[in-house]
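The values are calculated or read from the model by the stated rules, or taken from the named source; none is laboratory data. Here the structure is a predicted model, which means the values were calculated and not measured. Cβ placement follows ideal geometry from the backbone for every residue including glycine, while neighbour counts extend to all protein chains displayed. Protein only, heavy atoms only, side chains kept; ligands, DNA and RNA dropped before computing areas. Shrake-Rupley method; radii C 1.70, N 1.55, O 1.52, S 1.80 Å.
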Amino acid sequence: MTTTVYTTMESPLGRLLLSGVPDGSGGVALRSVTAPGQKGAPEGPADGWVADDAAFAEVIAQLDAYFAGDRTDFSLALDPEGSDFRRAIWAALAEIPYGETVTYGELGAMAGRPPTAVRAVGGAVGANPLLVILPCHRVLGANGAMTGFAAGVDRKRQLLALERGSLF
């Protein structure tokens, strides 16, 4: 059984909860990044999780650089838990360029899914466990509307403003 480690960090989105599994070299393979009040996210560490601030040093450094406007992508070991379908959608999220947006239908096409899968694509986006790292905030409705975001539409606007050069 693999031990889940965690830490928290302050961010413009509030205190983020980060969890992962040790990678064997003192770092972590990231499993989740969640914001306070995020739909479907834990309010705190689960039973059995072990605090390990040092394991997340690189994750925190990259997130801090992103929030400062100095980083446009992430180079981290990721290990999100989900079905093959969700993992395919989450992999497609990572391909959306910084500061750009796509629709749910376009994201599905990027993942090789037919237009009829758009609702399932939306469900996978809503279940994204790696807030900010896998940029689900870059996905808009078919008409360009600022549709749902598990951490709240205001936070989605904040992240898009950051990426468009309007810092928090």
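Overview of values
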item	result
Extreme residue, farthest from L78 (Cα to Cα), among residues of region 130-146 that are in contact with a helix residue (DSSP H, G or I) (Cβ under 9 Å, 6 or more places away or on another chain) and surrounded by fewer than 17 Cβ atoms within 10 Å (Cβ to Cβ)	A142
Subset tally (residues that are among the basic types (K, R), crowded, with 19+ Cβ neighbours inside 10 Å and either in contact with a His (Cβ under 7 Å, 6 or more places away or on another chain) or without any contact (Cβ under 8 Å) to a residue 60 or more places away in the chain (or both)) for region 147-168	1
Residues located in region 54-84, provided they are loosely packed, with under 13 Cβ neighbours inside 10 Å, hydrophobic (A, V, I, L, M, F, W, C) and touching a Pro at 6+ places or on another chain (Cβ under 8 Å)	none
Residues being at positive phi and in contact with a strand residue (DSSP E or B) (Cβ under 9 Å, 6 or more places away or on another chain) - total across region 33-52	1
Matching entry among A55, A65, A46 (being part of a loop (DSSP other than H, G, I, E, B) and of a type outside the set (F, W, Y))	A46
Number of the exception - E10 against (1) farther than 21 Å from G152 by Cα; (2) free of Cβ contacts under 8 Å to residues at least 12 places away in the same chain; (3) out of contact with any Asp or Glu (no Cβ under 9 Å at 6 or more places or on another chain)	(1)
Exclusive hit being part of a strand (DSSP E or B), touching a strand residue (DSSP E or B) at 6+ places or on another chain (Cβ under 6 Å) and either within 15 Å of A151 (Cβ to Cβ) or open to solvent by 40 Å² or more (accessible area, probe 1.4 Å) (or both), set L18, L30	L18
Residue that is hydrophobic (A, V, I, L, M, F, W, C), touching a helix residue (DSSP H, G or I) at 6+ places or on another chain (Cβ under 8 Å), without any contact (Cβ under 8 Å) to a residue 24 or more places away in the chain and closer than 28 Å to F56 by Cβ, where the choices are A109, A127, A117, A92	A92
Filter pass, A51 being open to solvent by 60 Å² or more (accessible area, probe 1.4 Å), more than 21 Å from G126 (Cα to Cα), among the aliphatic types (A, V, I, L, M) and modelled with pLDDT of 95 or more	yes
Any hit, region 113-128, residues being part of a loop (DSSP other than H, G, I, E, B) and more than 24 Å from Q158 (Cβ to Cβ)	yes
